[in-house]
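The values are calculated or read from the model by the stated rules, or taken from the named source; none is laboratory data. Remember, it's a predicted structure, so these values are computed and weren't measured experimentally. Counting neighbours? That spans all protein chains shown, and the Cβs are built from the backbone with ideal geometry, glycine included.
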Amino acid sequence: MYLIRHRLFAFSVAVLLFLPAIAGAQAWESLTPVQQEALAPLSKEWNTLQIQQQQRLINLAKHYPELDAVQRKRLHNRLDKWSKLTPAQRDRAREKFQAVRKTH
């Protein structure tokens, strides 16, 4: 009985810890067609991205309709390159970006 109660408690804690992440995540299928077009290079990994990443990218996609063809191609190229980086490479890129921002 103790073991069952302990496992049930552990499961409940896990659900409570991850529920906000699950609830805030947005499935690829729920994005608008414009958002999907803007973020197409990330379609395969979208559902694995952290909520904060998804929100930043959704905000980025808001400006997609305003971009001309060259700007859209540049955005897709950058997203494609980003999607191919390892998590460690992404962390380093973020650190570099933050360092450059602080100096300007």
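Observations on the structure shown:
- Unmet criterion (only one of (1) free of Cβ contacts under 8 Å to residues at least 12 places away in the same chain; (2) of a type outside the set (F, W, Y); (3) assigned to a helix (DSSP H, G or I)) for L79: (1)
Okay, residues lined up against (1) over 25 Å from D91 (Cβ atoms); (2) modelled with pLDDT of 95 or more; (3) of a type in the set (A, V, I, L, M, F, W, C):
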{"residue": "P20", "(1), (2), (3)": "no, no, no"}
{"residue": "A23", "(1), (2), (3)": "yes, no, yes"}
{"residue": "W28", "(1), (2), (3)": "no, yes, yes"}
{"residue": "E37", "(1), (2), (3)": "yes, yes, no"}
{"residue": "Q50", "(1), (2), (3)": "no, no, no"}
{"residue": "A61", "(1), (2), (3)": "no, yes, yes"}
{"residue": "L75", "(1), (2), (3)": "no, yes, yes"}
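- All positions within segment 82-104 that are outside any helix (DSSP H, G or I) and closer than 13 Å to P41 by Cα: K84, L85
- Tally of residues being in a helix (DSSP H, G or I) and among the charged types (D, E, K, R) across segment 30-53: 1
- Subset tally (residues that are without any contact (Cβ under 8 Å) to a residue 12 or more places away in the chain and under 21 Å from the mean Cα position of the chain (by Cα)) for segment 83-104: 15
- If the condition is being loosely packed, with under 15 Cβ neighbours inside 10 Å, in a helix (DSSP H, G or I) and either in contact with a helix residue (DSSP H, G or I) (Cβ under 6 Å, 6 or more places away or on another chain) or not acidic (D, E) (or both), then segment 54-71 contributes Q55, R56, N59, L60, P65, A69, V70, Q71.
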